[in-house]
Ligand code: AP5
């Protein structure tokens, strides 16, 4: 099963991905997580780090290369779930070519639909466990006492606005692109996370 999760920052891609990977036995491949891991390891180019922290997109070729190397790993044989990639039409075209060369194709593109007015609030209150990556929200799903959590640099209000703009100007163009290929399934992302999960599963027909 090859699935793409598309949605604006804060729409719940990471939250939903965690449940789907367990259910289908496939890995979550998040280009954002991969870039943040490189940042932590001190191996991310300084210019890319600044682009990310300020809320801009990194160049297409950087993330295409990450995906090209990742999808041949053994754990990707049964399928995988892409979270945050592709994010531009050139990335989507590159993904089609990468999969085509391997005789594989996408099964579904899930669009998590959440209005912009709800997104800022979700991002500013997000915290992640430093060790496990578990995602929390300070109000709806607070971290347990003693958890060591972090606040992403790009979740500051000034970067959040830029990320939402980038989604609207660049990533939203993926919706008609995948609609035309008959792969797009829209899911209402407003409601409790478990309600959204039920809609996601229904959209996948499981
Ligand atoms: P990335 O890490 O992919 O971030 P993003 O797409 O901006 O998405 P987020 O992780 O912010 O949100 P999410 O949708 O996963 O929501 P979450 O589940 O955490 O990318 C970061 C950066 O890396 C980019 O800006 C760019 O610089 C670079 N990058 C990455 N990929 C790239 C690419 N392909 N091309 C170029 N650049 C790339 O939930 C958010 C909050 O809401 C949490 O607090 C959560 O608890 C809460 N929440 C979740 N669901 C609900 C619900 N149903 N109700 C209430 N609260 C909820």
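The values are calculated or read from the model by the stated rules, or taken from the named source; none is laboratory data. Because the structure is predicted, anything quoted here is derived from the model rather than measured. All Cβ positions, even for glycine, are placed from backbone atoms using ideal geometry, and neighbour counts span all protein chains on display.
Here are the numbers for this structure:
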| quantity | calculated |
| --- | --- |
| Filter result for the condition that a residue is more than 15 Å from the chain's Cα centre (by Cα) and either at negative phi or surrounded by 14 or more Cβ atoms within 10 Å (Cβ to Cβ) (or both), over 196, 200, 114, 109 | 196 |
| Residue in region 65-80 that is buried (at least 16 other Cβ atoms within 10 Å of the Cβ) and near the ligand (Cβ under 10 Å from one of its atoms) present | yes |
| Any hit, region 121-134, residues being surrounded by fewer than 17 Cβ atoms within 10 Å (Cβ to Cβ), at pLDDT 95 or above and over 15 Å from the mean Cα position of the chain (by Cα) | no |
| Residues being within 10 Å of the chain's Cα centre (by Cα), within 10 Å of residue 81 (Cα to Cα) and in a helix (DSSP H, G or I) - total across region 1-48 | 1 |
| Subset tally (residues that are touching a strand residue (DSSP E or B) at 6+ places or on another chain (Cβ under 6 Å) and within 14 Å of the ligand (Cβ to nearest atom)) for region 189-203 | 3 |
| Count of residues meeting criterion [over 22 Å from residue 82 (Cβ atoms), out of contact with any helix residue (DSSP H, G or I) (no Cβ under 7 Å at 6 or more places or on another chain) and not in a helix (DSSP H, G or I)] in region 153-192 | 3 |
| Enumeration of residues in region 40-61 that are buried (at least 16 other Cβ atoms within 10 Å of the Cβ), over 11 Å from residue 154 (Cα atoms) and within 10 Å of the ligand (Cβ to nearest atom) | 48, 57, 58, 60 |
| Candidate set: region 166-180, residues that are more than 15 Å from the ligand (Cβ to nearest atom) and loosely packed, with under 13 Cβ neighbours inside 10 Å; chosen: the one nearest to residue 134 (Cα to Cα) | 176 |
| Residue check, residue 29 modelled with pLDDT of 95 or more, crowded, with 20+ Cβ neighbours inside 10 Å and away from the ligand (no atom under 12 Å from the Cβ) | no |
